[in-house]
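Reading through the structure tokens given below for one structure.
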Amino acid sequence: MRIRCEPRPHDPMTPTQAALSALTLCSAMLAATPAQAQAIDVVWPDNGRYSLSNDLPAGQTLELCSKLGSGTRITWAFVGSGPTDFNIRYHLGQLALYSVRLKQATRGQQVLRVAAEQTFCWMWTNTGSTPVALKLSLLR
């Protein structure tokens, strides 16, 4: 999302008032923006094993997505040096459907069984004040 913060030329304010107004609006808009996200499309190697080690800064999100066919099974696991909110989801239009949701988890492991072709996303959000080192693996 790109935010533009500048006064409109037809505002009946002094230049100082216009600049302060624009600064106030800009600050409010920036405070309301969601956490920064790292989005990664999974490129599956020939052996079907995808792994990643990543430092997730405080207040940020890491998202891995992959289009999966019906009948696909993905064994997934992760370990973090600190807690993160974690989920696996896919979308039907604007509706997000969750296969897994974990709050403040430092680890997780399960098998995802895909019933219909969808793009699934694994997402970690660091709501803490320090970075979290993540190690994760997906096996197809």
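Values in this text are rule-based calculations from the coordinates and carry no lab data. Bear in mind the structure is a predicted one, so any value in this text is a computation, not a measurement. A quick note on method: Cβ atoms are made from the backbone with ideal geometry, for glycine too, and the neighbour counts reach across all protein chains shown.
Data table
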quantity	calculated
Neighbourhood net charge (11 Å Cβ-Cβ; Lys/Arg +1, Asp/Glu -1) for W122	0
Extension gain from Q36 to A58, taking 0.36 nm per residue of separation minus the Cα-Cα distance	6.9 nm
FRET efficiency estimate (nearest 0.05) - Cβ-Cβ, S81 to L139, R0 30 angstrom	0.85
Total formal charge among the other residues, if their Cβ is under 14 angstrom from that of F86, Lys/Arg +1 and Asp/Glu -1	+3
In nm, spacing of pseudo-spin labels at R113 and S51 (7 Å Cα→C-beta vector)	2.7
Packing-based exposure ordering (other Cβ within 10 Å, fewest first) of C65, C121	C65, C121
Length added when fully stretched, T127-V43, from 0.36 nm per residue minus Cα-Cα	27.5 nm
Ranked packing of 78-91, 49-62, most packed first, by mean Cβ within 10 Å	78-91, 49-62
